[in-house]
1. So how far apart, in nm, are the two label points at N211 and T421 if each is 7 Å from Cα heading toward Cβ?
2. Nearest 500 deg cm²/dmol is fine: what mean residue ellipticity at 222 nm does the chain get from its DSSP H runs of n ≥ 4 alone, each adding -39,500 (n - 2.57), divided by its residue count?
3. With a 1.4 Å probe and all protein chains kept in place, how much accessible area does R437 have, in Å² rounded to the nearest 10?
4. What residues qualify as long-range amide H neighbours of H130, i.e. H under 5 Å apart, gap of 5 or more or another chain, H built at 1.01 Å from N?
5. What distance in nm separates the simple spin-label points at T390 and T235, each placed 7 Å from Cα in the Cβ direction?
6. Angle, helix 419-432 long axis vs. longest principal axis of the chain, Cα atoms, 0 to 90°, nearest 10?
7. Spin-label point model (7 Å from Cα, Cβ direction): what's the E242 to I287 distance in nm?
8. What percent does the relative contact order of segment 389-462 come to when contacts are Cα pairs within less than 8 Å and at least six residues apart?
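The values are calculated or read from the model by the stated rules, or taken from the named source; none is laboratory data. As the structure is a prediction and not an experimental result, all values here were calculated from the model. Cβ placement follows ideal geometry from the backbone for every residue including glycine, while neighbour counts extend to all protein chains displayed. Ligands, DNA and RNA are excluded from the accessible area calculation, which covers all protein heavy atoms including side chains. Shrake-Rupley method; radii C 1.70, N 1.55, O 1.52, S 1.80 Å.
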Amino acid sequence: MSEQFRISRDSLGEVKVPSDAYYGPQTERAKHNFPISGLRLPRRFIRAQGIIKLCAARANRDVGDLDTEIANAIISAAQEVINGDFDREFVVDVYQAGAGTSQNMNANEVIASRASELLGGGRGDTSKVHPNDHVNMAQSTNDTIHVAMNIAAMEGIYHDLLPVLKRLEAALTQKAQEFDPIVKSGRTHLQDAVPIRLGQEFAGYAQAVANRRVQLEKTARALLEIGLGGNAVGTGINAHPEYSESAIRFIGEETGLGFVPPHNYFTFVQNPEAAIQVSGSLRSLAITVNKIANDLRLLASGPRTGIAELKLPPVQPGSSIMPGKVNPVMAEMMNMICHQVIGFDACIASAGGQSQLELNVMMPVMAYNLLQAIHILANGICAFTEKCVTGLEADAERCQHYAEMSTALATSLNPLVGYDTAADIAKTAYKTNKTVREVAKERGISEAHLHDLLDIRKLTGNN
């Protein structure tokens, strides 16, 4: 049976729209104009659009610009968008018209159509609720898409990413305490170095994650400045003088987050600075977590021919051909996520530099990359923490063996015999496959000195 259509109109003329669609002609045009990737802006962005339309309707109603009955219908319809009831109706590709006009109209048309139904009209009927005149009242693509990006990113960071970062930090701190008695060889340049406690190594990881968390919390605060009401270029044309402050206050109430008007509406419309700053923090986080994942892979390498100081939880078979092989899959997954986030940041930085005059039109691709970075980092770190970090075990005996065999222990002899003699002791130990202690004893260094200078636990300090 052939698909049924209705005839809708926009400023360019008639458009055939599927009869069961809530979206209208401008969305339908975008479907045909941008058959690019099949990618859509994610759930959090659509939710943010619903929040904006709901709060705008409330504000326009309260200042007396929007009929109460129409406003209430828009509010009800927008709430359904917030709830996710119409996600299937948001069909515009990520790679669309600059600034996101099609995405904004997609939301306007869906909400207008649903509001019309609530008022007894038909789906797609714009005579009762108009997508531009009513749903988009006092708004522009230029402020709403930017605001939606900020809301969605802030909600994703606050509700998803920061909690899992705190869990990773706590898990690493727990391992630092658990592993503190274990002395091992440090390694620099992937070569033997002076001793370190495994707990100290993990305490370093935990603090690095804490540093990135604090940095993200700081930069994310920039997202709280939203210029809803700045409209097309920041002047607030066609908006009631009290609309912007009221709408932004409602957004704060709806989200439970502290959104405020920007210091300068023109700056807000011209430059998506907060997204660029936050993306940079996400990149830094990815670099830090990538280092930790790499270290776990190295320290767990083996089990017979590698370092094998750590034992990773086995979560799945590692090879389709080698029986019994178990790979560090959770760390590898985390690596891939981190590389992708660095790529997302490169796109955001490049697009962020394309602001021209009163607007940056690259916001749809910036929003997609920013929200994807938050999403995959949150999910990846959650899985990495639960399926890898919390189940880590240490081979204390192997760590002790490597620490005792390290030729870098000769470093502690420097104050007694000097650098050159200590270096010769280290070389001899390596050539003869003896410990530094054994060679030093052969060179006549007393047991008392060796006991004091080569106490590997003492050499790790008190930190």
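1. 3.9
2. Values: 18 runs with 260 residues, N = 463.
That calculation yields -18000 deg cm²/dmol at 222 nm.
3. Its accessible surface works out to 80 Å², give or take rounding.
4. It is V135, by chain and number.
5. Label at T390, label at T235, 5.7 nm between them.
6. In the chain, helix 419-432 runs at an angle near 90 degrees to the longest axis.
7. In this crude spin-label approximation the distance works out to 4.9 nm.
8. Working: 49 pairs, mean separation 20.3, N = 74.
In percent, rounded to a whole number, it is 27.
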